[in-house]
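Take a look at the structure below.
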Amino acid sequence: MTILSQILFGRAGHSEVRSSDFAFVFGLRILALAVIGIFISIVVFLYIRSQPVLARDGLQFFYSQEWNPSEEQYGALPFIFGTLVTSLVALILAVPVSIGSSIFLTELAPSWIAKPVGFLIEMLAAIPSVVYGLWGIFVLAPFVREYIQPVLGNNLGFLPLFQGPPFGIGIFTAGLILAVMILPTITAVCREVFLAIPRSTREGALTLGATRWETIRLAVLQTAIPGMLSAIILGLGRAMGETMAVTMLIGNRAVISSSLFAPGATMASVIANEYPEASSDMHLAALTAIGLALFLVSLVVNGVARWVIAFYRGRFNV
Amino acid sequence: MINVARIDQHLSLRRRWKNHFMLGLVTLAAITAILPLMIVFFHILKEGLPALSFEFFTSLPAPTGQPGGGMGNAIAGSAILVALASAVAVPIGVLGGVYLSEYADGQVANLFRWTTDLLTSLPSIVVGLFVYATVVAPFKSFSAYAGAAALAILMVPIVVKTTEEVLKLMPQHVREAGLALGLPRWRVILFVVLRGRLPAVMTGVILALARIAGETAPLLITAFGNRNWPQALSEPTPSLPVQIFNYAISPFADWQRQAWAGALTLVFLVFALNLVARLWLARDASGRSA
């Protein structure tokens with residue numbers, strides 16, 4: 001009882017002199033607890049709803065490759081694989097561009113250029129996922145099929161990664177669209193981190209005779225490594241949870257393929273693709289279990305990113 | 001400032017060359033970053049503008065495979081979903097932000113801040129699964145309520161975050177002045193702090209609206225969709241993003257054309273909201289410093 005009253009009223013509540021103030025804090029605290037309650041119940045409900053398949057298959061669910069709803073066979077490995085590979089492709093493409101652009105915005109461009117360019121990059125994040133998907137189907141996928149995949153296949157075709165017929169739709173194209181979508185996230189965090197580095201650090205390097213690039217490398221990039229790391233992890237989190245554009249571009253096949261040109265599916269895309277039409281309880285449970293896994297993984301990824309930022313703040317006092 | 005050009009003359013050729021090369025690369029990265037936006041924009045305008053018509057905004061979809069018709073029902077459905085979601089999420093979000101900014105140091109407040117942080121980064125499809133389990137499954141029907149609930153859960157953490165940040169900018173002496181006049185703390189918070197920062201709080205709300213207006217994945221499994229005008233809140237409800245998705249993956253050229261028109265409408269809406277919010281914020285900031 002005392003613990004409950006401590007949670008409900010707290011110290012701040014008891015220190016309020018007026019009863020109206022007391023009621024106000026009490027109300028706000030109830031509201032906050034309700035939101036926390038919703039968060040907890042997301043985990044609980046997803047766990048309960050995925051019980052049928054988890055009780056039947058146990059952990060095997062997560063490392064089995066067979067996904068065959070008509071046979072009631074459920075293995076989530078192809079989707080875990082698809083999520084990892086598309087996110088990795090997206091990171092490889094987006095990270096250099098993001099870090100380069102944030103250097104350009106904070107270190108190089110005068111403010112009359114940096115402001116509009118920064119605004120345009122932020123606007124990339126405002127375009128809804130489904131619009132990226134639409135553009136991907138009708139513009140990006142044909143372009144990839146006609147120009148990018150033949151070139152990659154002809155020159156790097158000895159690698160299993162770039163073998164197979166060019167469909168346009170597939171893991172590679174999904175990773176490409178994800179790269180565009182996580183670019184603003186990574187750029188925004190990197191930009192903030194670079195701006196937090198004191199001017200005197202840069203001036204120190206310049207005084208020692210460093211060129212502008214050397215100043216950026218020594219004073220900015222090296223100082224900002226933890227910050228850039230957390231930016232990349234946040235980008236990873238965004239890429240893993242992204243649903244619509246990937247669903248529209250990846251081809252939705254539950255297979256593990258060594259080629260990036262092959263169709264595939266991710267954890268998020270299989271839910272969006274199959275959940276509205278799933279009818280058997282076991283199928284719904286399997287999709288919910290994938291959702292639960294996605295939820296837990298994104299919690300861990302974002303938790304790590306925030307921890308890195310907090311650690312960095314504590315250490316560099318910025 | 002140091003005269004960089006003078007120092008430059010004494011540098012070795014290699015360092016000078018590397019400097020120019022890397023700075024060029026960085027500039028190229030920035031150009032690469034805004035290129036996709038330009039291309040997406042170009043195609044949305046090119047494909048979307050010719051497909052726009054009065055009929056598109058006002059009529060129901062034509063029967064499968066037939067040309068003509070529009071997305072009037074989807075636009076109306078989206079308006080209902082977003083309005084319903086904000087009716088729930090805005091008060092909760094703003095009050096939550098008030099709590100974090102004004103009573104920042106409790107255990108509950110810390111846990112709440114942590115929760116909203118994690119909620120912000122939650123994949124939206126997961127929220128859809130949760131609402132399916134709590135609203136759709138018990139009532140055995142996709143509904144506008146379910147869609148709005150999913151959007152509201154996505155909206156609350158955004159509003160909390162922006163409200164908290166905006167209220168923290170209110171100088172402490174303003175609060176002290178209110179308290180010194182003998183006002184109760186809750187009145188100071190609501191009628192001095194919150195009211196004083198209301199334009200900025202509204203900016204946050206508008207940005208949150210822009211974010212959820214384009215949400216598709218959770219609506220697929222909560223509001224679902226409908227080829228008719230939205231009838232009741234307890235029935236499956238069409239929405240613009242879901243309609244764009246369904247038309248984009250359809251085999252009919254006319255539907256694909258309409259998907260572009262829908263995308264143009266949606267992007268225009270989202271950008272207009274963003275622009276309004278930013279201009280509002282800029283005016284608020286300049287009014288503050290003046």
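The values are calculated or read from the model by the stated rules, or taken from the named source; none is laboratory data. Here the structure is a predicted model, which is why all the values come from computation and not from measurement. Quick reminder, even Gly has a Cβ in these numbers, built from the backbone with ideal geometry, and neighbours come from all protein chains shown.
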- Candidates A:LEU152, A:LEU178 - the one that is at negative phi and over 18 Å from the mean Cα position of the chain (by Cα): A:LEU152
- From the list A:SER70, A:SER15, A:SER87, A:SER20, pick out the single residue that is among the small types (Gly, Ala, Ser) and modelled with pLDDT of 90 or more. A:SER87
- Task: Kindly indicate which of B:LEU111, B:LEU154, B:LEU129, B:LEU122 is surrounded by fewer than 24 Cβ atoms within 10 Å (Cβ to Cβ), touching a Gly at 6+ places or on another chain (Cβ under 9 Å) and of a type outside the set (Asp, Glu).
- Result: B:LEU122
- Task: Scan segment B:25-54 for residues that are charged (D, E, K, R) and exposed (fewer than 13 other Cβ atoms within 10 Å of the Cβ) and jot them down.
- Result: B:LYS46
- Task: Would you mind stating whether B:VAL88 is β-branched (Val, Ile, Thr), surrounded by 17 or more Cβ atoms within 10 Å (Cβ to Cβ) and either outside the structural domain of B:VAL193 (by TED's automatic domain parsing) or assigned to a helix (DSSP H, G or I) (or both)?
- Result: no
- Item | The lone exception for B:VAL94 - which of (1) closer than 30 Å to B:PRO236 by Cβ; (2) surrounded by 18 or more Cβ atoms within 10 Å (Cβ to Cβ); (3) under 18 Å from the mean Cα position of the chain (by Cα); (4) more than 8 Å from chain A (Cβ to nearest Cβ) it fails | (1)
- Of the numbered conditions (1) assigned to a helix (DSSP H, G or I); (2) closer than 29 Å to B:GLY128 by Cβ, B:THR64 satisfies every one except a single condition; which is it? (1)
- Task: Say whether the condition of being within 11 Å of another protein chain (Cβ to nearest Cβ) and of a type in the set (Lys, Arg) is met by at least one residue in segment B:174-190.
- Result: yes
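Conditions (1) in a helix (DSSP H, G or I); (2) more than 21 Å from the chain's Cα centre (by Cα); (3) not aliphatic (A, V, I, L, M), marked per residue:
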| residue | (1), (2), (3) |
| --- | --- |
| A:VAL220 | yes, yes, no |
| A:MET228 | yes, no, no |
| A:GLY237 | yes, no, yes |
| A:ILE256 | no, yes, no |
| A:VAL300 | yes, no, no |
- Message: When the residues of segment A:103-120 are narrowed to those that are surrounded by fewer than 24 Cβ atoms within 10 Å (Cβ to Cβ) and at the interface with another protein chain (Cβ under 7 Å from one of its Cβ atoms), which ends up nearest to B:PHE42 (Cα to Cα)?
- Response: A:LEU120
- Query: Which members of segment A:165-222 meet the condition of being in contact with a helix residue (DSSP H, G or I) (Cβ under 9 Å, 6 or more places away or on another chain), polar (S, T, N, Q) and more than 14 Å from chain B (Cβ to nearest Cβ)?
  - Reply: A:THR201
- Out of B:ALA259, B:ALA263, B:ALA213, sole residue that is under 30 Å from A:MET240 (Cβ atoms), touching a residue at least 12 places away in the same chain (Cβ under 8 Å), among the aliphatic types (A, V, I, L, M) and in contact with a Gly (Cβ under 7 Å, 6 or more places away or on another chain): B:ALA263
- State the number of residues belonging to segment B:99-135 that are more than 22 Å from the chain's Cα centre (by Cα), in a helix (DSSP H, G or I), within 8 Å of chain A (Cβ to nearest Cβ) and within 30 Å of B:LEU194 (Cβ to Cβ). 5
